Amino acid sequence: FLISTCGYYSVKGSIPSHIKTIFVSQITNKSSEFNVTEQMHEKLLNILINQNVLEVITSSDADSQLDIIIEQVIDQPYTYNLNNNNLDDYEQVEDWKLSIKINVVWHDLIKNEIFFEKEIIDWGVYSSSISDIQNDGLDNDDDGYIDYEDDDEIGSARDSAIKIAIKKISEEIINEMTATW
C-alpha cells in the first residue's frame with residue numbers, strides 16, 4: 001500500500017483545543033493615516049480565513065479576541081544621493097522607508113488570559129521620484145524580488161509601501177499566533 005502524505009493542512013493543531021473562533025475587534029488608529037485601519041483589518045481577516053487559522057466570527061461570542069492599535073505610520077529617509085548641481089553640495093533623499101508600528105493583544109476569552117501581547121514594526125520602501133513601484137528598481141518589501149518579478153509591487157509608491165508593511169505585519173501576527181504553543 002502506498003500512503004500519500006498530501007492532503008488538507010491546517011495550523012489549527014498548534015492552537016489550544018478550546019480555541020475554535022476569533023473575533024478581530026475594531027482596530028484603533030492613533031496615526032494620522034486614516035486609510036491604514038481598513039486595509040489592516042481586511043488583510044488580517046483575509047489571511048486568517050485563507051490560512052484556516054481559526055473561524056472568524058463577528059461577535060464577542062468568540063473563544064478568542066484580537067485587539068490591534070496602530071501607534072504610528074512614519075516616513076523616514078532610506079537612501080540619499082549627493083546633489084552636485086551648484087557649488088553647494090547637499091544630500092537629497094532618494095528613497096523613503098515607511099514603517100508602521102502596532103501593538104497587538106490576543107486574548108483567550110474562555111480562560112480570561114492573554115496569549116500574547118506584542119509590539120510589531122514593519123516597513124516598505126518607496127521612491128518619491130517614481131509614481132509606480134513596478135518601475136523603481138527597488139526590492140520594496142525585502143523579499144528578494146523587484147518590480148515585475150514581485151506580484152505585490154504594483155501601484156503608487158507610497159500606497160504600495162503601506163500595503164507591503166500591512167501585509168508583513170499581518171503575517172507576523174499569524175506567525176505569532178501559531179508559534180505561541
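The values are calculated or read from the model by the stated rules, or taken from the named source; none is laboratory data. Small disclaimer: the values here were computed from a predicted structure and weren't measured. All Cβ positions, glycine included, derive from the backbone under ideal geometry; neighbour counts span all protein chains shown. Please note that ligands, DNA and RNA were not included when accessible areas were found on the heavy atoms of the full protein model with its side chains. Shrake-Rupley method; radii C 1.70, N 1.55, O 1.52, S 1.80 Å.
What the table below lists for this structure:
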read-out	value
Qualifying residue in segment 129-152 (condition: under 30 Å from I19 (Cα atoms) and open to solvent by less than 60 Å² (accessible area, probe 1.4 Å))	no
Qualifying positions in segment 12-21 - open to solvent by less than 30 Å² (accessible area, probe 1.4 Å) and either modelled with pLDDT under 95 or assigned to a loop (DSSP other than H, G, I, E, B) (or both)	I15, P16, I19
All positions within segment 108-127 that are farther than 30 Å from I22 by Cβ and touching a Lys or Arg at 6+ places or on another chain (Cβ under 8 Å)	V125, Y126
Residue within segment 157-168 that is at pLDDT 90 or above, open to solvent by 50 Å² or more (accessible area, probe 1.4 Å) and more than 17 Å from W96 (Cα to Cα) present	yes
Selection within segment 22-53 - part of a loop (DSSP other than H, G, I, E, B), aliphatic (A, V, I, L, M) and touching a residue at least 60 places away in the same chain (Cβ under 8 Å)	V53
